[in-house]
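Accompanying notes for the structure given below.
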Amino acid sequence: MRLYLAGPLFSEAERAWLDTLAARLRAEGFGVFVPHEEFADVEVFTPRVVFERDAAGVRGADALVAWIDGPVVDDGTACEIGLFAELAASDPGRYRGIVAILTDLRLQRTREVPGHGLNLFVAGAIESAGTICWSVEAAIERLRELRDR
């Protein structure tokens, strides 16, 4: 099963976390599209180049894994979630779902609040096509379920 790994990638720490998660997912046998790995050959970044390459990655995935820690969901990650939610709504047999990973203690305290303290539109997009998991282990278990269905 091919995954698109969405998340903030602007700091060295963010890229390292995504790299570690991608390695873990690959060890589970998943194919993983990681946006910052896909631009080694790009000399000039333009909005069009980034959108076309990332959107193709989203469309080519069977499921989207979104790392949504932080005080707000990264704006690019929110766009990827929205795009995948619409793909899943249009072809649920092809697009298996969204698995969001939320390990941020600030938001874990809001587990009983509708939307879990997230922007309600983003939380609704996730829940329309998937689920929010509170650990990497729970996310991997959900991905195994999606793969095996």
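Odds and ends about this structure:
- Scanning the stretch 13-25 for residues that are exposed (fewer than 13 other Cβ atoms within 10 Å of the Cβ) and either touching a Leu at 6+ places or on another chain (Cβ under 7 Å) or not small (Gly, Ala, Ser) (or both) returns a single hit, Thr20.
- Residue within the stretch 83-103 that is among the polar types (S, T, N, Q), touching a Phe, Trp or Tyr at 6+ places or on another chain (Cβ under 8 Å), under 22 Å from Thr131 (Cβ atoms) and surrounded by fewer than 21 Cβ atoms within 10 Å (Cβ to Cβ) present: yes
- Looking across the stretch 101-149 at every residue that is among the β-branched types (Val, Ile, Thr) and either in a helix (DSSP H, G or I) or modelled with pLDDT of 90 or more (or both), the one that is farthest from Thr77 (Cα to Cα) is identified as Ile140.
- Within the set Glu28, Glu38, the sole residue that is within 20 Å of Ile140 (Cβ to Cβ), surrounded by 11 or more Cβ atoms within 10 Å (Cβ to Cβ) and out of contact with any strand residue (DSSP E or B) (no Cβ under 8 Å at 6 or more places or on another chain) turns out to be Glu28.
- Within the stretch 50-73, if we keep just the residues that are of a type in the set (Gly, Ala, Ser) and surrounded by fewer than 15 Cβ atoms within 10 Å (Cβ to Cβ), the residue that is farthest from Trp134 (Cα to Cα) turns out to be Ala56.
- Check on Gly115, over 16 Å from the mean Cα position of the chain (by Cα), over 22 Å from Ser11 (Cβ atoms), surrounded by 15 or more Cβ atoms within 10 Å (Cβ to Cβ) and among the small types (Gly, Ala, Ser): yes
The values are calculated or read from the model by the stated rules, or taken from the named source; none is laboratory data. Bear in mind the structure is a predicted one, so any value in this text is a computation, not a measurement. Virtual Cβ from ideal backbone geometry, glycine too; neighbours counted across all protein chains shown.
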